[in-house]
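Taking it in order: structure first as structure tokens, then the write-up.
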Amino acid sequence: MYDDKNSPRMTLHPTKKFKRPMDVVEADDIDVSEKLAILEAWEADERALQRAEDEGMGGGEHAHLQKVQTALANLRDAQKVARLEFERVL
């Protein structure tokens, strides 16, 4: 379960808490700003991993940049829809 004291750790090491990027998007116990921070940190990690692979320093985990970017896009789209629905109510 989400806990504020774990927040910095989840942002720095999202793969320790989540198996896949969409797990972040689907988590009910994390607010949207925290989800964005977690996914943006995960994206930075994946970009670094991809650079290492491009430079021939692979051998560890494989980069899953596309999955992280898809999760970020889904979260941002949902955020836009929610904002539009809120504005329509006003």
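Coordinate-derived values only; no laboratory data. Since we're looking at a predicted model, the values are computed, not measured. Note that each Cβ is placed from the backbone with ideal geometry, even for glycine, and that neighbours are counted across all protein chains shown.
Descriptive notes on the structure:
- With the highest mean first, a sort of the peptides 16-27, 36-47 on other beta-carbon atoms found within 10 angstrom per residue produces 36-47, 16-27.
- Extension gain, E55 back to A73 (0.36 nm per residue minus Cα-Cα distance, nm): 3.7 nm
- Pair-distance distribution of region 8-89: all C-alpha pairs, bin width 10 Å, starting at 0; shares per bin in whole percent are 18, 45, 25, 9, 2, 0.
- Local electrostatic count, R20, Cβ distance below 10 Å [Lys/Arg +1, Asp/Glu -1]: 0
- The simple spin-label model puts a point 7 Å past each Cα toward its Cβ; for T15 and L84 those points are separated by 3.5 nm.
- Cross-link partners of K17 among aspartates and glutamates, defined as those whose alpha carbon lies under 20 angstrom from its own and excluding same-chain residues fewer than eight positions apart: D3, D4, E26, D28, D29, D31, E34, E40, E43, D45, E46, E61.
- Placing unit charges on each Cβ (+1 for Lys and Arg, -1 for Asp and Glu) gives region 18-68 a dipole about its Cα centre, and among M22, A52, V68 the Cα reaching farthest toward its positive end belongs to A52.
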